[in-house]
Amino acid sequence: MLQKKECVAMLLAGGQGSRLYNLTEKTAKPAVPFGGKYRIIDFTLSNCVNSGIDTVGVLTQYQPYVLNEYIGSGQPWDLDRTYGGVKILPPYQRATGAAWYTGTANAIYQNLDFIERYDPDYVLILSGDHIYKMDYSEMLRYHIEKGADCTIAVIEVPLDEASRFGIMNTNDDGSIYQFEEKPAKPKSTKASMGIYIFGKEVLKKYLEEDEADEKSSNDFGKNVIPRMLNSGAKMFAYPFSGYWKDVGTVKSLWEANMDLIGAKPALDLRTPKQRILSRNSTRPPHFIGSEAYVANSLITEGCEIYGTVINSVLFGGVKVASGAVVKDSVIFEESEIGEGSVVEYSMLDCRVSVGKDCRVGEPAVSNKGIALLGADLRLPDKTVICGGVMTSELPKEVK
Amino acid sequence: MSVTGIIFSNIHDKNLPELTRLRTMASVPFGCRYRFIDFTLSNMVNSGVTSVGIITQTNYQSLADHIGTGKDWDLATRAGGVKLISPHITAFANDHIRSHISSRLESLKSATVYIARRKEDLVVLSDCDVICNIDLGDMIAFHEKTGAAITLATKKMVLTPESAAKNVIVEKDETGRVNDLLIYPLDTSGEHSVSLNIMVLDREKLLNIVNDAAAHGYTSFNSDVILRHLKSEKIMAYEYEGYFACVSSLSEYFSCSLDLLDPKVRNALFGVKNRPIYTKIRNSPPTRYSDGVTVSDSLFADGCLISGHVENSIIFRGVTIGKGAVVKNSIIMQDSVISAGAEINCSVLDKNVVVKEGVRLSGHASLPFYVPKNTIV
């Protein structure tokens, strides 16, 4: 048991994720279900564990209940440690007053004491809303080799999309000379992945400076990184190649789920290396009935399939009755699709019950967008939900 | 009253020589993701039993690996939890003693130190191969209410002469008091109450029984303890009405496994409210189905990659079924690979078997073809 930790990870999990609409009504974005049996945060937590990082602070603020319960003692990720492990860090009241986390940098600033307790040489800053598998220890080695003050992981993005990201402009040796947030005319295609490694003392110094600056909005991307560049800190871009996806919108969350299926999925969860760990439920194996048709889909424990499932991701305990069709859809836990109903290009949150002969969503080619049904919604028989409708309540005409 | 559990892990190993060559009866894989012992362990945990001793004798590495710290059954606790009770063979042991340990009573002698140290009032003793979802809490309440010395769980079953010869028939009066046991009777058939090999009794009493048996050289719980005390002690039968299967041959293993394809059986085992069956967590991703697969009437665990035809089969975790492969009426255990174009029918493939391209294997429902662990065909 190492008492001094080389690197402590701080995972920013306080974001509201408002572009996920009703999926984040009662849940913080990192706790949104993903990929049949995971939640978004499983990827970052598993990456930490697979990279040998056993001390992770999870900074929560928005709707933390589900997330707190999910992380619990950290046991599913082997993060229930005697010293270190996973710790939930909500904003708290101190002798000098109480404050919410005003930005990503402020959240870390408020928890500098937590970091100090483990006396780390390096601090890894992560966000809990990306899907990717990455070995942070390689990034740390790169950071040490370069003798950097700060290393930022970057990924190549297509030039026409680069203006949606924070772009790092680098020299040949990988050092960063300029950072542009969502540039209209991007000079490079190296997008920041929101993953930073700092030397602990460097981080402390810049967070304190940032805190002292009343004009700052206390954000890493907007304030701390530009300040460091201006003051001549040694900053390097660590190139990452592999699957990486920001799942901040309903569309991108749907796409990331679809990236798990196919003959050669963009993100293969079945590789023994870099296993993604999650809190498992106790459900029996899934059953495929005699009249069922299943193609190009992910299906997990507790599902009972009597109908048709095509190009879809089904979470635990989903029931598809005979004659029902689920196509191009993502169905969260314990949802049920009644006889003769068709669910297409849709996402259904947990425990949605679709009655008989309903029609939910419209094909992607209709260009109306993904239909999204909120948790616990019960659709009476023959309900029609048009494409692109995002709702937690029944349409008025049905009521 | 507080209750502790004891499970016999090597009981009936000889019934399934194929599957127990490298493992205990307790750790025989069953139902896509479970091992036999998961049912008994879960039944105990679901009834509030928080300390369980598992008596082991031989071959118990796979069992130790499966149980781990016990955390998947919530049995990784300081007060109690799960303990493997390894065979207590002293330096003076000889072959005579080893060969002797074949009955429950004999193996309990190894566990007297453990039993004496427990603090609970009652003990529930169970075999490891009792596939059922029984409310032991109700059985314990029955035991207390009737003031029984020993309570046996029984179930009414229709027996053939063959199945009767492998079972213990419990005869009882209208109050439920046991008045006779027929142990492995010959020439018996029809409906009878059969012992599930689960019993509840006072912990101190169990110690006395075991010590008395040691002094008298008794070896069988049924014939030496229960039959001898039918008159002097109140021995009661608790009637269980749910699904129950006890596997006593490979063909029974095969048919009991395929019984799980019946929704009624699945529901009786896995669909009971507040009584889930727990097992070791393996963190497999969901099962992925490719395009052009045809699957019907089959159960799948997580972690599989299915690209072929699967019909009427039980597929364990991490199995790969290649393009154009055909699997019918079969049980394919963990991490096995059925290569493209292979055909499997009426077979039981143990863990980690590789069936190469185009190979055809077939048994018969009455005599399934068994492929041992790690075989390449």
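Scanning the stretch B:236-257 for residues that are farther than 18 Å from B:Ile169 by Cβ, open to solvent by less than 40 Å² (accessible area, probe 1.4 Å), touching a Lys or Arg at 6+ places or on another chain (Cβ under 9 Å) and not polar (S, T, N, Q) returns a single hit, B:Gly242. Here is the figure for the stretch A:189-233: residues that are in contact with a Phe, Trp or Tyr (Cβ under 8 Å, 6 or more places away or on another chain), modelled with pLDDT under 95 and more than 21 Å from A:Tyr177 (Cα to Cα) total 2. Right, B:Lys323: basic (Lys, Arg) and over 22 Å from B:Gly31 (Cβ atoms) or not? Against the criterion (basic (Lys, Arg) and over 22 Å from B:Gly31 (Cβ atoms)), B:Lys323 qualifies. Taking A:Lys4, is it open to solvent by 10 Å² or more (accessible area, probe 1.4 Å), charged (D, E, K, R) and more than 21 Å from A:Lys251 (Cβ to Cβ)? Yes, satisfied.
Out of the stretch B:251-266, which residues are in contact (Cβ under 8 Å) with a residue 24 or more places away in the chain, more than 10 Å from chain A (Cβ to nearest Cβ) and under 19 Å from B:Asn43 (Cβ atoms)? Passing the criteria: only B:Cys256.
Could you look through the stretch B:267-287, keep only residues that are in contact (Cβ under 8 Å) with a residue 60 or more places away in the chain and part of a helix (DSSP H, G or I), and pick out the one that is farthest from the other protein chains (Cβ to nearest Cβ)? That would be B:Ala268. Working only within the stretch B:9-44, note down all residues that are open to solvent by 10 Å² or more (accessible area, probe 1.4 Å) and not charged (D, E, K, R). The answer is B:Asn10, B:Ile11, B:His12, B:Asn15, B:Pro17, B:Thr20, B:Leu22. Go through A:Arg351, A:Arg378 for me and flag whichever is more than 17 Å from A:Ser322 (Cα to Cα) and within 25 Å of the chain's Cα centre (by Cα). Result: A:Arg351 is the single residue among A:Arg351, A:Arg378 that is more than 17 Å from A:Ser322 (Cα to Cα) and within 25 Å of the chain's Cα centre (by Cα).
Filtered by the rule that a residue be open to solvent by less than 40 Å² (accessible area, probe 1.4 Å), touching a Phe, Trp or Tyr at 6+ places or on another chain (Cβ under 9 Å) and of a type in the set (A, V, I, L, M, F, W, C), the stretch B:345-377 gives B:Cys346, B:Val348, B:Leu349, B:Leu361.
Cβ-Cβ contacts under 7 Å between residues 6 or more apart (or on different chains), taken from a first residue in the stretch B:61-73 that is away from chain A (no Cβ under 14 Å) to a second residue that is in a helix (DSSP H, G or I) and open to solvent by 10 Å² or more (accessible area, probe 1.4 Å), are absent. One residue stands out among those in the stretch A:300-310 that are within 26 Å of the chain's Cα centre (by Cα) and more than 7 Å from chain B (Cβ to nearest Cβ): the one that is surrounded by the most Cβ atoms within 10 Å (Cβ to Cβ), which is A:Val309. Scan the stretch A:315-352 for residues that are within 29 Å of B:Gly303 (Cβ to Cβ) and open to solvent by 30 Å² or more (accessible area, probe 1.4 Å) and jot them down. Listed by number, the residues that qualify are A:Lys319, A:Ser322, A:Val325, A:Lys327, A:Asp328, A:Glu333, A:Glu334, A:Glu336, A:Arg351.
Residue count for the stretch A:1-50 satisfying the condition of being outside any loop (DSSP other than H, G, I, E, B), of a type outside the set (S, T, N, Q) and closer than 26 Å to A:Tyr122 by Cα: 14.
The set of residues in the stretch B:314-337 being in contact (Cβ under 8 Å) with a residue 40 or more places away in the chain and over 15 Å from B:Arg360 (Cβ atoms) consists of B:Ile314, B:Ile315, B:Phe316, B:Arg317, B:Ile331, B:Met333, B:Gln334. All conditions but one from (1) on the phi > 0 side of the Ramachandran plot; (2) open to solvent by 40 Å² or more (accessible area, probe 1.4 Å) apply to A:Gly97; the one that does not is (2). Within the stretch B:139-160, can you find the residues that are outside any strand (DSSP E or B) and either exposed (fewer than 13 other Cβ atoms within 10 Å of the Cβ) or in contact with a Pro (Cβ under 6 Å, 6 or more places away or on another chain) (or both)? Scanning the stretch B:139-160 gives B:Lys145, B:Gly147, B:Thr160. Residues in the stretch B:18-41 that are closer than 12 Å to B:Leu250 by Cα, touching a residue at least 40 places away in the same chain (Cβ under 8 Å) and more than 10 Å from the chain's Cα centre (by Cα): B:Glu18, B:Leu19.
Within the stretch A:267-276, the set of residues being more than 7 Å from every other protein chain (Cβ to nearest Cβ) and basic (Lys, Arg) comprises just one member, A:Lys273. Scan the stretch A:100-116 for residues that are within 24 Å of A:Asn50 (Cβ to Cβ) and open to solvent by 60 Å² or more (accessible area, probe 1.4 Å) and the total you get is 0. Restricting the search to strands (runs of 3 or more DSSP E) fully inside the stretch B:161-257 and requiring at least 1 residues that are of a type in the set (Gly, Ala, Ser) gives B:190-202, B:235-239, B:244-246. Restricting the stretch B:296-321 to residues that are assigned to a loop (DSSP other than H, G, I, E, B) and within 8 Å of another protein chain (Cβ to nearest Cβ), the residue that is nearest to B:Phe270 (Cα to Cα) is B:Ala301. Report yes if B:Gly324 is within 9 Å of chain A (Cβ to nearest Cβ), touching a strand residue (DSSP E or B) at 6+ places or on another chain (Cβ under 9 Å) and either surrounded by fewer than 17 Cβ atoms within 10 Å (Cβ to Cβ) or assigned to a loop (DSSP other than H, G, I, E, B) (or both), otherwise no. Against the criterion (within 9 Å of chain A (Cβ to nearest Cβ), touching a strand residue (DSSP E or B) at 6+ places or on another chain (Cβ under 9 Å) and either surrounded by fewer than 17 Cβ atoms within 10 Å (Cβ to Cβ) or assigned to a loop (DSSP other than H, G, I, E, B) (or both)), B:Gly324 does not qualify. Taken over the stretch A:353-388, residues that are surrounded by fewer than 22 Cβ atoms within 10 Å (Cβ to Cβ) and not in a loop (DSSP other than H, G, I, E, B) amount to 7. Of the residues making up the stretch A:183-225, just one is surrounded by fewer than 16 Cβ atoms within 10 Å (Cβ to Cβ) and in contact with a strand residue (DSSP E or B) (Cβ under 7 Å, 6 or more places away or on another chain), namely A:Lys187. Just wondering, is there one or more residues in the stretch B:230-246 that are more than 14 Å from chain A (Cβ to nearest Cβ), aliphatic (A, V, I, L, M) and closer than 26 Å to B:Ile315 by Cβ? Yes, the conditions are met somewhere in the stretch B:230-246. Can you tell me which residue within the stretch A:277-299, out of those that are touching a Pro at 6+ places or on another chain (Cβ under 8 Å) and either facing chain B (nearest Cβ under 7 Å) or among the polar types (S, T, N, Q) (or both), is most open to solvent (accessible area, probe 1.4 Å)? Across the stretch A:277-299, the extreme among qualifying residues is A:Thr282. Among the conditions (1) under 18 Å from the mean Cα position of the chain (by Cα); (2) open to solvent by 30 Å² or more (accessible area, probe 1.4 Å); (3) within 8 Å of chain B (Cβ to nearest Cβ), A:Glu255 misses just one, which is (3).
The values are calculated or read from the model by the stated rules, or taken from the named source; none is laboratory data. These numbers come from a predicted model, not from an experiment. When we count neighbours, we look across all protein chains shown, and the Cβ atoms used for this are built from the backbone with ideal geometry, even at glycine. Ligands, DNA and RNA are stripped out before the accessible areas are found, and what is left, the full protein with its side chains, is counted by its heavy atoms. Shrake-Rupley method; radii C 1.70, N 1.55, O 1.52, S 1.80 Å.
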